[in-house]
Amino acid sequence: MPNRFVLLLLMVAMVVQNLHAQQEVAIPQDKSVTYVGFGLAKPLGFSATATHIRANGWGGSLSIQLVNPEAKNLPSDYKKNPNPDDTYGDYSGWTNAPVIDNVYFLALRAVKEFKTSSPFMRYGIEAGPSYVRAYIADNFTPQASLPNYGYERTEYITAGLSLRAKAVFPLLPFAGLEVAVTSNLNIRRSYVGVEAVLNLGKVR
């Protein structure tokens, strides 16, 4: 939970910084850019995004993302099987099992990018609606065998609000890197995390 608050604070700080930069660095894009990005997310997941930004810095993105956060309602005494190489035979390999939820996001976002004094760095903020499909681990029931709880996955479909604050590094005309704080707010399985992205295409 503290990590989520830290990520949310970072996102708010980046948004405020970008709004401030819009006033101080009112430098329009020299030309439009179009690129696709392939990213890794934390918690465990990945993303693929297509982005187009016009010369005035405004544009849009279409993104699909899969994340696998740990189940929220995991019983505190949930234990998995001992490790296969547990030669001591004392079940010292028991630990809280990494039971996860599987959550898919399809988001269409408006984008505003801001240039800096360097051609190799710019900032951006994104916001828009999203389609959310979540498979939530629930209905945990005690059992005698290991693991000591069984569970089911329930599918939920809902709508959400996708928010993203990013720093873009167009190192080459056709390739660059990107780091972002991203979140999706919805009634079933909200998410806050970070992404590292490889961008390919016309990035500057």
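Figure legend. Inter-residue proximity from the range 96-114: first residues surrounded by fewer than 20 Cβ atoms within 10 Å (Cβ to Cβ) and part of a strand (DSSP E or B), second residues at pLDDT 90 or above and of a type in the set (Ser, Thr, Tyr), beta-carbon distance below 7 Å, spacing 6+ or different chains. Indicated pairs: ASN102/TYR135; LEU106/SER130; LEU106/TYR131.
Would you mind finding the one in PRO43, PRO69 that is at pLDDT below 85, touching a strand residue (DSSP E or B) at 6+ places or on another chain (Cβ under 9 Å) and not hydroxyl-bearing (Ser, Thr, Tyr)?
PRO43
Here the condition is being modelled with pLDDT under 95, farther than 14 Å from SER162 by Cβ and surrounded by 16 or more Cβ atoms within 10 Å (Cβ to Cβ); of ALA26, ALA55, ALA21, it holds for ALA21 alone. Taking the range 29-40 as the search range and keeping residues that are among the hydroxyl-bearing types (Ser, Thr, Tyr) and at pLDDT 95 or above, which one is surrounded by the fewest Cβ atoms within 10 Å (Cβ to Cβ)? The residue in question is THR34.
None of LEU198, LEU146, LEU161, LEU177 is over 20 Å from ASN56 (Cα atoms) and modelled with pLDDT under 95 except LEU146.
The values are calculated or read from the model by the stated rules, or taken from the named source; none is laboratory data. All values derive from a computational prediction rather than experimental measurement. Don't worry about glycine lacking a Cβ; one is built from the backbone with ideal geometry, like all the others, and counts go over all protein chains shown.
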